[in-house]
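What follows is a set of notes on a single structure, which appears directly below.
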Amino acid sequence: MAIKAKKVMIKGADVSSLTARQQATMKKHSVHHTGKHMKAMTAMMKRGKTFTQAHKAAQKKVGR
């Protein structure tokens, strides 16, 4: 029987697949940004972008 990892959600964005450090950073970051921004960032970080790269791209794409 496989053990399922608990789903970690931040403002509607599933950050479970990110590292613990990235999750902590996203938690702090979420205070200042919308769920849409957080979802966009999470998707980019899952594909290999750094936090800063994902943030800048999300700002351009969806705003704050």
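The values are calculated or read from the model by the stated rules, or taken from the named source; none is laboratory data. As the structure is a prediction and not an experimental result, all values here were calculated from the model. Here the Cβ is made from the backbone with ideal geometry for all residues, glycine too, and neighbour counts use every protein chain on show. Quick note on the areas: whole protein, heavy atoms, side chains included, nothing else; ligands and nucleic acids left out. Shrake-Rupley method; radii C 1.70, N 1.55, O 1.52, S 1.80 Å.
What whole-number value in Å² describes the accessible area per residue of the chain for a 1.4 Å probe? If you can, show how the numbers build up before the last one.
Values: 4680 Å² over 64 residues.
Spelled out: the 1.4 Å probe surface of the chain, per residue, equals 73 Å².
Report the full-extension gain for the segment Lys28 to Gln53: residue separation times 0.36 nm, less the Cα-Cα distance, to one decimal in nm.
Details: separation 25, 0.36 × 25 = 9.00 nm, distance 1.69 nm.
Full extension of this stretch gives 7.3 nm more.
With n ≥ 4 as the cut-off for DSSP H runs, can you work out [θ] at 222 nm for the chain, using -39500 (n - 2.57) per run divided by the number of residues, rounded to the nearest 500? Display every interim value, and only then the final one.
Details: 3 runs with 34 residues, N = 64.
Rounded to the nearest 500, it is -16000 deg cm²/dmol.
Below 8 Å between Cα atoms, with a sequence gap of 6+, how large is the relative contact order for the chain in percent?
Details: 57 pairs, mean separation 18.8, N = 64.
Relative contact order of the chain: 29 percent.
Between the helical axis of 35-46 and the dominant principal axis of the chain, each derived from Cα atoms, what acute angle in degrees is found, rounded to the nearest 10?
The answer is roughly 70 degrees.
If the only charges are +1 at each Lys and Arg Cβ and -1 at each Asp and Glu Cβ, what is the size of the charge dipole of the chain around the Cα centre, to the nearest 20 debye? Can you show the working numbers first?
Details: 16 positive and 1 negative charges, 22 e Å.
Value, rounded to 20: 100 debye.
A 30 angstrom limit on the alpha carbon distance is what I want to check against. Which of Lys4/Lys61; Lys4/Lys56; Lys11/Lys60 exceed it?
Values: Lys4/Lys61 33 Å; Lys4/Lys56 33 Å; Lys11/Lys60 19 Å.
Correct reply: Lys4/Lys61; Lys4/Lys56.
Summing Lys, Arg as +1 and Asp, Glu as -1, what charge do residues with Cβ under 14 Å from the Cβ of Ala20 carry, Ala20 excluded? Intermediate values should be presented prior to the final figure.
On the way: positive: Lys6, Arg21, Lys27, Lys28; negative: none.
Neighbour charge sum, excluding Ala20 itself: +4.
Tally up the carbon and sulfur contribution to the accessible surface of the chain as a whole percent, 1.4 Å probe, everything protein left in place.
Working: 2670 of 4680 Å².
Carbon and sulfur: 57 percent of the exposed surface of the chain.
Post the alpha-carbon centroid distance, segment 35-64 to segment 3-24, in whole angstrom.
Value for the Cα centre distance between the two parts: 15 Å.
Can you tell which of Ala58, Met38, Ala24 lies farthest toward the positive end of the dipole of the chain, using +1 and -1 charges on the Cβ of basic and acidic side chains (Lys, Arg; Asp, Glu)?
Ranked along the dipole, the leading option is Ala58.
To test your reading of the geometry: what angle, between 0 and 90 degrees and rounded to tens, separates the Cα axis of helix 51-62 from the longest principal axis of the chain?
60
Could you sort Val8, Val31, Val15 by accessible area so the largest value comes first, with the probe set to 1.4 Å?
Working: Val8 50, Val31 110, Val15 0 Å².
Solvent-accessible surface, decreasing: Val31, Val8, Val15.
I'm a student and want to see the number: the projected area of the Cα convex hull of the chain, averaged over all directions, in nm². All intermediate terms of the calculation are to be shown ahead of the outcome.
Working: hull surface 17.4 nm².
Mean projected area of the Cα convex hull: 4.4 nm².
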